[in-house]
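Below is one structure, written out as structure tokens; comments come after it.
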Amino acid sequence: MANSDRQLLTLSGKHAFITGGSGGIGCACAKKLLIDGANVTLMARNNDSLNAAKTALMEDIPTRADVHTIAADSCNETELKDALNESYQRFGSLDIAIATVGGGAIRPLLMHDDKSFSKELQLNIVSAFLLIRYATPLMVKTASPEQLGSIVCISSDAAKLVFPWLPAYTTAKAGLEGLIKACAEELASLNIRVNGVRPGLTRTKATQALFDNDEIKKKFAEEKPLGRLGEPDDIAEGVRYLAGPESSWVTGQSFAIEGGNELRKGPDMAEMVKQIYGEEVFNKVRAGIAPFD
């Protein structure tokens, strides 16, 4: 929709802070918010990626909206806190916070150790916790019953479905959804809503290898009644709803946006495990033998 056709920008004057802001889902979320008039801070670790994301976004947004970028690590408490404070000073408020950082490896249980398992919990849960923890004191300064603050976390259908060979990732996303519910209850009295979006397999730079593998694509698509895999805009539409006033009576929820996959089951990626680690290693895992002990 052209700006001239839009009489009311429903997020005009709002400020949204997005971690993982240079990624496919983060950028798509930023675009939806910017089109409706919000100012956006994108945070990610790589300056070049952030600059590329900003350049792409600036082509399509209302002239009154602003994109600010900060290079920082979402899992580093000090860096994240400083980035939030910097963006708050720039825009004078923090109305929306979106945690998109996450991910995980295809790695059988018997190939994990405490470090590899903890790393995925850190990436998926702690990164979101830190954003919620340090966004809240800033958000509460302007939040009110009429202007609720909104926090949205990107989860995964792996939080609900059994995905063989992804034990750390499925644990992490299930834990993230527990965090969403606990924070939604605790922060409601502060006029802050906390929700999540639960994507299915979505095309990003991190997942492109799966999209390039016809066999894997087929396995995933077969479990989705709507018959296709996801694109970042699919997820961003849900985030935009949860971020804005249209969802003012929604908190503590995680919406599945995944083509109906939760009506069925997660695909078995045994063939991918074999491709990554080799058939000999996979056979040991299947026999209950830890390959590298």
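The figures follow:
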quantity: Selected residue (criterion: surrounded by the fewest Cβ atoms within 10 Å (Cβ to Cβ)) from residues of the stretch 235-262 that are in contact with a strand residue (DSSP E or B) (Cβ under 6 Å, 6 or more places away or on another chain) and in a helix (DSSP H, G or I); calculated: E262
quantity: Members of the stretch 157-208 that are among the charged types (D, E, K, R) and part of a helix (DSSP H, G or I); calculated: D157, K173, E177, K181, E185, E186
quantity: Matching residues in the stretch 110-135 - criterion: being farther than 11 Å from L80 by Cβ and surrounded by fewer than 19 Cβ atoms within 10 Å (Cβ to Cβ); calculated: L110, H112, D113, D114, K115, S116, F117, S118, K119, L121, Q122
quantity: Where V281 falls short, out of the listed (1) modelled with pLDDT of 95 or more; (2) within 22 Å of I106 (Cβ to Cβ); (3) surrounded by fewer than 17 Cβ atoms within 10 Å (Cβ to Cβ); calculated: (3)
quantity: Any hit, the stretch 17-26, residues being of a type outside the set (A, V, I, L, M, F, W, C) and either surrounded by fewer than 18 Cβ atoms within 10 Å (Cβ to Cβ) or over 15 Å from the mean Cα position of the chain (by Cα) (or both); calculated: no
quantity: L80 out of contact with any helix residue (DSSP H, G or I) (no Cβ under 6 Å at 6 or more places or on another chain) and either crowded, with 20+ Cβ neighbours inside 10 Å or in a loop (DSSP other than H, G, I, E, B) (or both); calculated: no
quantity: Of residues in the stretch 148-167 being modelled with pLDDT under 95 and either in contact with a Ser or Thr (Cβ under 6 Å, 6 or more places away or on another chain) or not hydrophobic (A, V, I, L, M, F, W, C) (or both), the one nearest to E237 (Cα to Cα); calculated: F163
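The values are calculated or read from the model by the stated rules, or taken from the named source; none is laboratory data. Computed from a prediction, not measured in an experiment: that's the story for all the values here. Note: ideal-geometry Cβ built from the backbone for every residue, glycine included; neighbour counts use all protein chains shown.
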